[in-house]
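Down below is the structure, laid out as structure tokens.
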Amino acid sequence: MSETSLNEISGDRSADFPASVTEITGNADLLTEILLRIPPKSLLRSQTVCKYWYSLISSQSFRRLQCRRKHSSRKVDGLCFCWWVYGNDHLEFIPFNGMPKKQMSMIPLAFKNLATCTTSKLQSLHSCNGLFCINFNLGVANQVYYVYNPSTNQHRLIPLPDMRKNNTFEVMVMNMAFDPMVSDTYRIVCVIKSNGVYEFSVYSSESGVWEDSKEILDIKQYSLARGVFMNGCMHWVSEGGSFLRFDLDSLCFKTMPSTVIPNGLLKRNIRYFGQSGGHLHLIEVQGFSSMSFEVLELESDYSRWFVKYRVDLSALHTAYPLMLSEELALLDVNRRTCNIVSVIVDDKEQTSRFLVSMPEVIIEYDARRMTIKEVADLGTAKIPVMWEDVSVFEWYDTHQYVETMACV
């Protein structure tokens, strides 16, 4: 690093710097390693230190490295919960890992401030590795979509697919697809309802263009709001239909094994579906109030689902007696006061953790060590259900928040 740059850091041209400071700031590799350990919001402030730091931190290579390091760490910095009651949107953010408590209110407010219309409602939300695709309803037949990075507060307005040839189309949902280990850019899978079927179109942030698929799907058995992106494909599960895998490169469906619907039941009771560490995980139970269940994992060759973990959370009744509250049992129509909202797997560290939403608290259950610890207090996060509030979130309302420098 030049002498001028060192003086710019201090603002004093006559300052004498210790040899250690000169060594660090003069070594680009060492400085990069230090900066990579700083959260994105602090990195953005650090860009103002001097021109050299700005050039380093804002460079595509640095941001790519930060995204990949973060992705490899399997670290989740918080959870966003988004749900709707009687047409009103509700958004809560629960920070982890020592994030400032003020983020609980700041991040939801930042989400809602994206829309220019003060009467807009947050219609849908989908996330993938730190980037969010947000749909705002601005009124009758007037919806807008943004890709948003809450870590950097950057956003991009996403144009709707060109459907001028079809006057009856309706955009149902957009699913975010972003893998920082593969590309700096992201894609969006748009599900379109047209003439009684679902059609698909894929947007590329690199080209800014939508590409239409020739695939169509019967709308009766599917709700495609919570797709899971992995290995270049978007995956969907269904309570009553077959599971789906949509390849974003070929724009075609590929083989995806489904689980068997239990005898005597009309549909599956899915309690969780997501991916972590390059693995797809699925939880199905036969009883709504069951505290013991199996966690299924999909073989890497997509040949079958197999039992990866057997989990028994019944001991939580003793540690958290509020779970047995008759009041909560009556209010929760599914008689559940415990839900898996996230599964985090790290093969290198040989850890498998389950984030469990319960009344007033989120706990982390370590499947290998069979230990639990509290990771968040839900004292201020209440879900309006009927005439009361219950702090038990569902997996399909849950979106992982990961601090990232990814560009939108």
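Quick check: Cα centre of segment 168-190 to Cα centre of segment 28-60, how many Å?
29 Å
Residues with amide H under 5 Å of Met172's amide H, sequence separation 5 or more or different chain, H placed in the peptide plane at 1.01 Å from N; which?
Distant-sequence amide H within range of Met172: Val191, Ile192, Lys193.
Mind listing the phi-derived Karplus ³J(HN,Hα) values for segment 109-114, rounded to whole Hz, using 6.51, -1.76 and 1.60 with θ = phi - 60°, and x for any glycine or proline?
Values per residue, Gly and Pro as x: 5, 5, 4, 6, 6, 5 Hz.
Stokes-Einstein at 4 °C, 1.567 mPa s, Kirkwood radius from Cα pairs: D for segment 225-279 in µm² s⁻¹?
On the way: Rh = 12.3 Å.
This corresponds to a translational diffusion coefficient of 105 µm²/s.
Can you pick out the pairs among Lys75/Lys308; Lys254/Lys348; Lys70/Lys193; Lys75/Lys121 whose Cα atoms lie more than 27 Å from each other? Working shown, then result.
Values: Lys75/Lys308 21 Å; Lys254/Lys348 29 Å; Lys70/Lys193 36 Å; Lys75/Lys121 30 Å.
The answer is Lys254/Lys348; Lys70/Lys193; Lys75/Lys121.
If I ignore ligands, DNA and RNA and count only protein heavy atoms, how much of Leu298 is accessible to a 1.4 Å probe, in Å² to the nearest 10?
Ignoring ligands and nucleic acids, Leu298 comes out at about 10 Å².
What does the C-alpha gyration tensor say about the overall shape of segment 170-241? Classify as rounded when a/c is under 1.5, otherwise prolate if a/b is larger than b/c, or oblate.
Verdict is oblate for segment 170-241.
Once you put a point 7 Å from the Cα of Thr371 and another 7 Å from the Cα of Asn113, both along the Cβ direction, what distance in nm separates them?
It works out to 4.0 nm between the two label points.
Search the structure for amide H atoms under 5 Å from the amide H of Tyr401, placed 1.01 Å from N in the peptide plane, and list their residues when 5 or more places away or on another chain.
Asp77, Gly78, Leu79, Cys80
Applying the Karplus parametrisation 6.51 cos²θ - 1.76 cosθ + 1.60 with θ = phi - 60° to the phi angles of segment 272-286, what ³J(HN,Hα) value in whole Hz is obtained for each residue in order, glycine and proline being reported as x?
So the Karplus estimates, Gly and Pro as x, are 6, 8, x, 10, 7, x, x, 10, 8, 10, 9, 10, 10, 10, 9 Hz.
In terms of modelled amide H atoms, which long-range or inter-chain residues lie less than 5 Å from the amide H of Ser213?
Phe200, Ser201, Val202
Once you wrap a convex hull around the alpha carbon atoms of segment 191-294, what is its projected area averaged over all directions, in nm²? Walk me through the numbers before you get to the answer.
Details: hull surface 32.7 nm².
For the Cα atoms of segment 191-294, the hull's average projected area reads 8.2 nm².
If we restrict to alpha carbons, what Rg and Dmax does segment 206-250 come to, in Å?
Answer for segment 206-250, Rg first and Dmax second: 11.9, 37 Å.
The values are calculated or read from the model by the stated rules, or taken from the named source; none is laboratory data. Not measured: the values here are computed from a predicted model. A quick note on method: Cβ atoms are made from the backbone with ideal geometry, for glycine too, and the neighbour counts reach across all protein chains shown. These accessible areas exclude ligands, DNA and RNA; they are computed on the full protein's heavy atoms, side chains included. Shrake-Rupley method; radii C 1.70, N 1.55, O 1.52, S 1.80 Å.
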